[in-house]
1. Mind sorting Thr169, Thr155 by how few other Cβ atoms lie within 10 Å of their own Cβ, fewest first?
2. Dipole magnitude of the range 200-381 about its Cα centre, charges +1 at Lys/Arg Cβ and -1 at Asp/Glu Cβ only, in debye to the nearest 20?
3. Can you spot the lysines whose alpha carbon is less than 25 Å from Lys163's alpha carbon? Ignore those fewer than 8 places along the same chain.
4. Normalised by the residues of the range 200-381, what does the relative contact order come to in percent, with Cα pairs under 8 Å and at least six apart?
5. Taking the alpha-carbon distance from Lys257 and a cut-off under 22 Å, which lysines remain once sequence neighbours fewer than 8 residues away in the same chain are dropped?
6. So how do Arg321, Arg67, Arg244 line up by other beta-carbon neighbours within 10 Å, fewest first?
Amino acid sequence: MMHWLQLMPQKPLNRRGPRWRRERRAYLSRFYQVTRDNVTKLAELLTQESGMPIESAYSTICTVRKRFSLASELHSLPPRGIQTEIAPRHGRIAGFLPSWNFPHEIVLQRIAETLFAGYPVVLKAPSETPLTYLSIAKLVDPYLPKGVFNVITSTGENEAAVKEVMYHTEGMCSFAYCDSASFSKEVCRNDNVLEYGFYSFPALFNDGNIKEALSCCVSCMLDYSGQLCNKMGHVLVQEGVYDRFVSLLANDMKSSKVGDPMNGDNRIGCLYNSEVVSNFLSLVEDAVSKGAKIICGGKRHALGGTFVEPTVLADVNPSMRVYSEEIIGPLVPVYKFKTADDAIELCRYLGKNSAVMILAPSNNEAAEKMEKSLQCTVLRGT
């Protein structure tokens, strides 16, 4: 592995000037053209290997295509007020280590920006879902300089060794996406970048817009069948509208069609594997044992396999595992709060790595108090 990394092309990194920028733009334009011409093929492959519903997969690949197009135009953007400049550190290699449920479009956007800056890229594909990345690499290989865009795979006992090399090799800056906590501590000691998925969640007050909250929940929590690591993971609702909201949410969840992810009419496909299903059911069982109520779903789907029913849990509290663990699957825990202080307390753990959308009118003093008290990203809605 070390020997292979040392063979990465260094000459392009030392080139400067308008001509080299034009060449890089031409390479990215070809990247864009290849993804544009193979959108359907790549979307179907993404669905087949991960279970992502085909409409979501198609949207993902289209977003990848657009972001490579934007990256190829970066050189021509005129400065307006503030001028930015890319200052390459020559002789560097960029490594990318995404998890299987981190959005492909974000990873590939970063790769596009890196290639435009003139750096070779090594992408360590997730062992669970490597085929889409490998297919993209195969498609663009004839149009890029040799060794500029590289995809490697590993499984089992080799996984940790490959990560170790990518995190600690001199001259390589690696970008880790949603890696484990133990690896994160090691990564932070070196010249690497962490980009972790985070939960966002709405906090709906009594005078907030219920329709907006429902729209957020259903669209954000069911994308990729609820498996994205940066999805909307929890809902906080004030007691005055709690029962109404839970009922409406359950109706929307029950009306979401479950089935073959290759069928565009289905909103929810299968989960990635049986281990994910077992963890999903375990979270539901734990919550129910500690007082939560299943409003809908909560079990395997009649289709069998790794299909589960979209689930809404009410009367959720911080003692349950759904409060502190990552939720993978179409599961929505709904927390009840009475005052702003109650909501703030619920957010003390949830908000550590989250974005909170507060849904209340601008003159709601309790919502304003909550907004000022949280130490995380806060959005305001109505």
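Values quoted throughout were computed directly from the atomic coordinates according to the rules given, and no laboratory measurement underlies them. Quick caveat, the model's predicted, so the values are computed rather than measured. FYI the Cβ positions are ideal-geometry reconstructions off the backbone, even for glycines, and counts take in every protein chain you see.
1. Going from least to most buried by this count: Thr155, Thr169.
2. 100
3. Here the lysines satisfying the reach criterion relative to Lys163 are Lys124, Lys138, Lys146, Lys185.
4. Over the range 200-381, the number comes to 26 percent.
5. Straight-line reach from Lys257, under 22 Å: Lys211, Lys231, Lys299.
6. By the 10 Å Cβ count, ascending: Arg244, Arg321, Arg67.
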